[in-house]
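Trainee: Would you mind keeping the following structure in view while I ask a few things?
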Amino acid sequence: MRKMIVITRDGSRSEEIGDLLDQDEHILTETSTSASEIDDDREIDTLFVDVDALLAKDKSIAKALEGLWSHYPSAAIVVMADEDNTGAAVDAVKAGAFDYLTHPIEKEELDLVVEKVRESDVLQSELDYLRGQFWNEDSLEYVDTRSKAMRDVFLKIRQVAGTRTTVLLTGETGTGKSLIAKLIHAHSNRKDMPFISVHCGAIPDTLVESELFGHEKGAFTGAVRRKLGKFELAHGGTIFLDEIGTVSQSVQVKLLNVIQERVIQRVGGENDIPVDVRIIAATNEDMKQLCEEGKFRRDLFYRLNVFPVRIPSLRERLEDIPRLSEGFIRQFNGLLNTEIKGLHPQVLDTLLEYEWPGNVRELENVIERACILETEEVLHAESFPPDLMDTQGEVVTSPVKTDLPLKEARQITVDKFEKQYLSSLLEQCNGVIKTTAEKAGVTTRQLNKLMNRHGLQRSDFKKRNL
């Protein structure tokens, strides 16, 4: 059973909210002139508090919220306000409150917020489990994901990082394989030793062996001195072999020997040199297909594929696009000395519908371009490449999916239209559910269901226009 508390300056209003909540919830009501004049209770899940109670002692909203969290450290705080005081409620959300409601509160809206709190608690529990005492502080931003597929990836990293097992990372270009390799090394017992990255596809075939294993003086024309290879430089640490599928057959043979015997020979040398390295390889190719075509040795593939980790494409983790975009905006604000606050909602809709052939790297690039071109505080459609959207910010017409049955293809079009229609109407109505439902000709319950289906949140539309 979940525990909630309602804090208002009007006792009748507290009881009214309690009546709207489901009876299976454990609800406490509190009439107080100060939201902090109450007993500690670390088991409270959700706290509903009037803006008037937050401001009862002329504290700033941020300090009032801090006072509440000192009493209820695990609670999601939902602020309540009259229509003429929604500005303060929005300030509370910006200061960390979970969401806000406006009086008179409708049951449909209240139920929707309660359900969102439940979903957030489940997600937070999963993230807390993933983080535990494992992730170092620098990694917390990267492992903060809403994607089930990425949470599975991070769980696998936790399982393998502390071993010396060889890892094979697979996935499309731009999915972040290099970042994942660094995370594995940073959380291994080799973290204080070198991490050496080698982009095998960027090295000419004639130089790959020299780069990996080094060479002796005079081994070939131009070898005027001894050179240590990447494996020697990585001794005691980790070597990351990116685009491993591009190396030649002769290099494959030597790599197989390194994995099996843990020794190398420099080009032109005769002595075996012991190396203690943890190997992480990565590829965007189908390694099994390369083996079928005779382009890659099966025995080497089996040696590399001890612990495979597939990194999902951005298309498979669209729910992370808002968080990734915010992170890139913060990054480029620092690098470019800009003060961009976020994305226009129509831009975000378009980013969520784009195919992203370049994955996270492509998203980072378009955000950087937009931050350079944007002249306002919010990134608008005009700052993005035309292949993403037209100058009005409307989604570029998608090619007809003739590979789908008519019913499925029609539903895709209907879903896109519904989302654009509701987004525009919510923006016009300043996020007011009742007004939006009336204009759309549906009930508030139907509108809430549609918004939930399309991932639309009323608070987003209210914030933009206050």
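Any read-out appearing in this document is the output of simple, stated calculations on the displayed coordinates, not a laboratory observation. Remember, it's a predicted structure, so these values are computed and weren't measured experimentally. All Cβ positions, even for glycine, are placed from backbone atoms using ideal geometry, and neighbour counts span all protein chains on display.
Trainee: Of Phe332, Val378, Gln346, which is farthest towards the positive pole of the range 315-397's charge dipole, taken about the Cα centre with +1 and -1 on the beta-carbons of Lys, Arg and Asp, Glu respectively?
Mentor: Among Phe332, Val378, Gln346, the one farthest towards the positive end of the dipole of the range 315-397 is Phe332.
Trainee: Follow-up. Among rounded, prolate and oblate, which fits the range 315-397 when a ≥ b ≥ c are the square roots of the eigenvalues of its C-alpha gyration tensor, a/c under 1.5 means rounded, and a/b larger than b/c means prolate?
Mentor: Numbers: a/c = 1.74, a/b = 1.22, b/c = 1.43.
Oblate shape, in that a/c is at least 1.5 and b/c is the bigger or equal ratio.
Trainee: My understanding is that a pair violates if its Cα-Cα distance is over 29 Å; which of Lys116/Lys434; Lys177/Lys254; Lys63/Lys449; Lys94/Lys449; Lys94/Lys116; Lys227/Lys288 do that in this structure?
Mentor: Lys63/Lys449; Lys227/Lys288
Trainee: Now a separate question. In vacuo Debye scattering of the range 249-333, one point per C-alpha: log10 I(q)/I(0) at q = 0.21, 0.22, 0.25 Å⁻¹?
Mentor: At q = 0.21, 0.22, 0.25 Å⁻¹ the computed log10 ratios are -1.02, -1.08, -1.27.
Trainee: Between Val253 and Thr165, what is the FRET efficiency for a Förster distance of 25 Å, r being their Cβ-Cβ separation, to the nearest 0.05?
Mentor: Numbers: r = 22 Å, r/R0 = 0.89.
With R0 = 25 Å, the Cβ-Cβ based efficiency is 0.65.
Trainee: Alpha carbon centre of the range 273-294 versus the range 60-111: separation in Å?
Mentor: 53 Å
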